[in-house]
Amino acid sequence: MKQVQNAIDAEIDKKKRFYPNKEALLLPVLHAAQRAYGWLPHDVMEMVAKSLELPLPKVKQVTSFYTMFYKKPVGECHLQVCNNIACYLRGSSDVIHYIENKLGILPGETTKDGLFTLTEVECLGSCGTAPVIQINDDYFESVSRSDVDKILEAKQ
Amino acid sequence: MGTITFNGKEIPFDEGDNIIEAAKKAGTEIPHYCYHPGLSIVAQCRMCLVEIEGARKLATACSTPCNNGMVVSSESPTVKEAVSGVQEFLLLNHPLDCPICDQAGECSLQEYSLKHAASDCRTDLNRRTYIDIDMGPSIKKNMNRCIHCTRCIRYCNEVGDIYEMVALQRGNNTEIVTVDDKPLMTAYSGGLADVCPVGSLTTKDFRFSKRVWYLRRNDSICDGCSKGCNITVSHEKNLVFRLEPRENQEINKWWMCDEGRYGFHFAQSPSRVLAPAVKGGGSMESAQWSEAGARFNDLVVGAQSIAVVASADITNEEADLLKSSLPKAELYSYSPSVDSSSEDKALDHLIRRKDKSPNLKGLEGRGYSAFSKFNPSKFNLVVYASGGKVRPPYGIAKLSETTVGLGVFLKEEVDGFDVILPGPSWLEKEGSFTNYDEINQHFGQAIRPIGLAKPMSVVLSKYLADSVWQAG
């Protein structure tokens with residue numbers, strides 16, 4: 001928790017001169033807190049609220065709005081599969097089903113060992129190389145079943 | 001200052017007016033949900049779209065300030081189509097349960113559906129459903145009816161000064177909740193039902209008690225504290241159902257507190273004394289008006305020294321009347337929370353004041369002394385006049401030889417009195433209160449006196465002998 005607080009403080013110090021007020025700083029600070037802790041439990045949101053002197057409900061409202069803020073723990077390897085129209089036409093549903101069967105989880109769930117989380121997401125902006133999986137911060141493009149096998153093996 | 005052309009007519013506007021306000025002054029209502037003159041502007045319901053000449057897109061009338069020479073239309077075919085589309089969109093998830101909704105009859109959604117929406121429904125999609133949830137002591141939430149205007153959230157932040165209410169999730173899944181289901185603890189929670197344009201937030205006090213179109217409304221003044229908020233009394237068949245704030249920019253703006261809003265129940269309490277009573281063999285027994293009136297006169301005529309103790313919730317007119325009818329009496333005012341108006345102060349940023357009586361300032365101006373100066377042993381008759389809101393000081397009737405109660409009393413308070421002459425509460429009479437700021441406000445009678453209560457003017461003129469008021 002000490003580390004999270006440090007990350008929050010560092011982010012505030014670094015970014016505050018670019019933002020007009022503390023309310024506007026909320027998004028970058030939440031990202032920093034999430035990077036430090038992995039997800040955003042109540043305590044972390046409280047920490048953010050205190051550091052920015054904002055009411056806690058305001059912070060909860062913002063985190064609930066954005067799907068990129070995790071309200072429950074995610075696995076070490078977060079598989080975010082795009083299922084919008086371009087990816088869908090190029091077989092992303094099949095990729096999702098393949099991952100579901102292989103890992104034994106549904107979208108929104110995490111494997112028991114805490115290694116993988118599967119999420120269906122909206123357009124990742126890489127329609128030219130559909131279907132796309134974003135794993136943590138990296139893109140894997142034109143993904144097929146065999147690619148999925150390789151990726152999952154590498155991560156295990 | 002300037003003019004805009006609105007629907008082909010030239011209308012004036014004041015500096016800072018938006019198009020909704022300018023149109024309102026000219027007598028046209030531009031439909032709106034999220035806009036409220038007392039709250040910040042977010043322009044998110046999109047209901048107030050208007051066409052402005054020279055602008056490429058339709059603009060929201062709430063967030064567009066008037067500019068001299070602007071040409072605005074709220075009736076063009078483009079606007080009509082857009083507004084009807086917005087209305088259809090807002091109704092996608094609405095349950096249309098008007099027959100069992102408390103807001104029916106005073107619901108913006110209902111009115112605008114009639115005026116602006118298509119008469120048919122083009123979808124058969126499932127509507128999202130939620131169960132009704134308690135939101136603290138005063139408010140019940142029905143999320144199904146919500147159209148996400150966020151007036152309630154802004155009301156809490158900007159008026160109630162609390163940050164408990166939020167919109168979680170987004171889009172179709174948006175839900176208005178209090179964080180972690182905490183109860184809404186604000187002294188102004190009743191106002192949420194006023195600002196909610198649909199039937200989502202209703203007060204538990206009024207919920208399901210009356211269809212609003214049966215209610216008759218009278219303007220009045222709140223008697224809850226020295227602020228003197230302007231209110232509307234809604235009543236039917238001589239029963240009051242609710243009080244609502246009435247706009248007065250000098251005093252309460254658009255708001256009122258819960259204490260005042262729900263404070264009228266004493267007047268309809270089953271334990272209110274509704275018939276005259278006299279002391280007989282230790283306990284109070286109800287009596288005819290003639291008997292109680294005669295006893296009152298005997299006591300006044302026979303008394304060496306009289307004190308009038310008026311609780312500071314009687315009207316200025318009644319205070320004058322007591323003063324002129326009992327010229328020999330010494331006059332005292334009583335307020336439960338302060339001794340004199342100099343101790344009065346604001347309790348918060350908005351409305352509530354420390355002095356929980358509506359007319360202390362008025363009584364002081366009429367020569368009524370502070371209650372702390374009242375020495376009961378000096379007098380052998382005390383006339384205690386009560387408007388009902390202020391509960392009499394404990395044991396007031398036992399302090400002196402004889403005590404007469406004039407006005408509104410509850411059964412548990414009358415022990416020790418010699419005579420009780422029931423009078424009307426402030427809802428049942430007209431008069432005026434002087435607020436902390438020395439603004440004198442007249443209010444009308446909303447309902448007839450309940451039970452056998454008689455106005456103080458009738459009691460004093462009918463039952464007191466002429467010699468009493470001529471003695472001065």
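The values are calculated or read from the model by the stated rules, or taken from the named source; none is laboratory data. Since this is a predicted model, take the numbers as computed values, not measurements. So basically every Cβ, Gly included, is an ideal-geometry build from the backbone, and we count neighbours across all protein chains shown. Only protein heavy atoms, including side chains, enter the accessible area calculation; ligands, DNA and RNA are left aside. Shrake-Rupley method; radii C 1.70, N 1.55, O 1.52, S 1.80 Å.
Annotations
- Tabulated pairs, region B:437-463, first on the phi > 0 side of the Ramachandran plot, second in a loop (DSSP other than H, G, I, E, B) and open to solvent by less than 50 Å² (accessible area, probe 1.4 Å), C-beta under 8 angstrom, 6+ apart or interchain: B:451/B:275
- Residues that are more than 7 Å from chain B (Cβ to nearest Cβ) and crowded, with 18+ Cβ neighbours inside 10 Å, drawn from region A:55-68: A:59, A:62, A:63
- Failed item in (1) within 14 Å of chain A (Cβ to nearest Cβ); (2) closer than 19 Å to residue B:45 by Cα; (3) touching a residue at least 60 places away in the same chain (Cβ under 8 Å); (4) open to solvent by 20 Å² or more (accessible area, probe 1.4 Å), with residue B:116 passing the rest: (1)
- Residues satisfying the criterion are present in region B:129-152 (criterion: of a type in the set (A, V, I, L, M), in the same structural domain as residue B:186 (by TED's automatic domain parsing), part of a loop (DSSP other than H, G, I, E, B) and in contact with a helix residue (DSSP H, G or I) (Cβ under 6 Å, 6 or more places away or on another chain)).
- In summary, residue B:162 fulfils each of the numbered conditions (1) within 15 Å of residue B:255 (Cβ to Cβ); (2) part of a helix (DSSP H, G or I); (3) not basic (Lys, Arg) with the single exception of condition (2).
- Residue that is least open to solvent (accessible area, probe 1.4 Å), among those in region B:214-244 that are without any contact (Cβ under 8 Å) to a residue 60 or more places away in the chain and touching a helix residue (DSSP H, G or I) at 6+ places or on another chain (Cβ under 7 Å): B:243
- Failed item, numbered, when residue B:97 is tested on (1) more than 26 Å from the chain's Cα centre (by Cα); (2) more than 20 Å from residue B:197 (Cα to Cα); (3) modelled with pLDDT under 95: (2)
- Inter-residue pairs, beta-carbon under 9 Å, first part of a helix (DSSP H, G or I) and open to solvent by less than 70 Å² (accessible area, probe 1.4 Å) and in region B:375-401, second modelled with pLDDT of 85 or more and among the charged types (D, E, K, R), 6+ apart: B:396/B:413; B:397/B:413; B:397/B:415; B:397/B:418
- If you go through region A:140-153 and keep only what is loosely packed, with under 15 Cβ neighbours inside 10 Å and within 20 Å of the chain's Cα centre (by Cα), you end up with just A:141.
- When region B:404-450 is filtered for residues that are part of a helix (DSSP H, G or I) and not aromatic (Phe, Trp, Tyr), the ones remaining, listed by number, are B:411, B:412, B:413, B:427, B:428.
- Scanning region B:144-167 for residues that are more than 13 Å from chain A (Cβ to nearest Cβ) and of a type in the set (Ser, Thr, Tyr) returns a single hit, B:155.
- Residue B:109 assigned to a helix (DSSP H, G or I), under 26 Å from the mean Cα position of the chain (by Cα), among the aliphatic types (A, V, I, L, M) and more than 14 Å from chain A (Cβ to nearest Cβ): yes
- Filtered residue count, region B:25-54, keeping only those that are open to solvent by 50 Å² or more (accessible area, probe 1.4 Å), farther than 22 Å from residue B:146 by Cβ and at pLDDT below 95: 5
- Failed condition for residue A:35, given (1) within 14 Å of another protein chain (Cβ to nearest Cβ); (2) open to solvent by 70 Å² or more (accessible area, probe 1.4 Å): (1)
- Tally of residues being part of a helix (DSSP H, G or I) and either within 19 Å of the chain's Cα centre (by Cα) or crowded, with 16+ Cβ neighbours inside 10 Å (or both) across region A:17-32: 7
- Just so you know, in region B:174-202 the residues that are assigned to a helix (DSSP H, G or I) and either within 9 Å of another protein chain (Cβ to nearest Cβ) or more than 27 Å from the chain's Cα centre (by Cα) (or both) include one that is surrounded by the most Cβ atoms within 10 Å (Cβ to Cβ), and it is B:179.
- Residue in region A:74-86 that is under 27 Å from residue B:171 (Cα atoms), open to solvent by 80 Å² or more (accessible area, probe 1.4 Å) and assigned by TED's automatic domain parsing to the domain that holds residue A:136 present: yes
- Residue B:211 meets all of the listed conditions (1) under 21 Å from the mean Cα position of the chain (by Cα); (2) crowded, with 21+ Cβ neighbours inside 10 Å; (3) touching a residue at least 60 places away in the same chain (Cβ under 8 Å) but one, namely (2).
- Residue satisfying all of: in region B:416-453; over 28 Å from residue B:246 (Cα atoms) and surrounded by fewer than 19 Cβ atoms within 10 Å (Cβ to Cβ); farthest from the chain's Cα centre (by Cα) among these: B:416
- First in region A:88-102 and open to solvent by 30 Å² or more (accessible area, probe 1.4 Å), second anywhere and assigned to a helix (DSSP H, G or I), Cβ under 6 Å, 6 or more apart: A:98/A:145; A:98/A:148
- Residue in region B:81-107 that is surrounded by the most Cβ atoms within 10 Å (Cβ to Cβ), counting only those that are touching a Ser or Thr at 6+ places or on another chain (Cβ under 7 Å) and among the hydrophobic types (A, V, I, L, M, F, W, C): B:91
- Scanning region B:164-173 for residues that are at pLDDT 90 or above and surrounded by fewer than 20 Cβ atoms within 10 Å (Cβ to Cβ), we see that the one that is nearest to residue B:263 (Cα to Cα) is B:167.
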